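Report on the structure given below.
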Amino acid sequence: MITQNVAEIIRHHVTLEVEGIDRMYLNAYVPGLQTEGGFVHFVRDHMGYPIASTAVVAPLSDGFVRAIEQFARNQGVDLVTFAKDQRKDDLAGA
């Protein structure tokens, strides 16, 4: 008979897996809106505006940002907004 201690028994029957995210980046990219024709189609046909203008799309972006901010507040998650061309890893590592 082989004697085992509690640590040996647990090691063979218990698994502990820890996953954690220390940072998450959110970048939105919609390929169809990266061309003039795709943008015009979206604004005119999808949104129903006769003239394609970034002014009519701004409320969509603003609403999306507000929804992300509200989600972060509700979940108690820190939210860091980066300036254009700011290196995210430099700030996150500080």
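The values are calculated or read from the model by the stated rules, or taken from the named source; none is laboratory data. From a predicted model like this one, the values you see are computed outputs, not experimental measurements. Counting neighbours? That spans all protein chains shown, and the Cβs are built from the backbone with ideal geometry, glycine included.
Here are the numbers for this structure:
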read-out: Any chance Leu60 is modelled with pLDDT of 85 or more and at negative phi; value: yes
read-out: Ala55, sole failed condition from (1) aliphatic (A, V, I, L, M); (2) touching an Asp or Glu at 6+ places or on another chain (Cβ under 7 Å); (3) at pLDDT 90 or above; value: (2)
read-out: Odd one out for His41 among (1) at pLDDT below 90; (2) surrounded by 10 or more Cβ atoms within 10 Å (Cβ to Cβ); value: (1)
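For every residue, the table says whether it meets (1) over 15 Å from the mean Cα position of the chain (by Cα); (2) at pLDDT 85 or above; (3) surrounded by 10 or more Cβ atoms within 10 Å (Cβ to Cβ).
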| residue | (1), (2), (3) |
| --- | --- |
| Ile9 | yes, no, yes |
| Leu16 | yes, no, no |
| Asp22 | no, no, no |
| Ala67 | no, yes, yes |
| Gln70 | no, yes, yes |
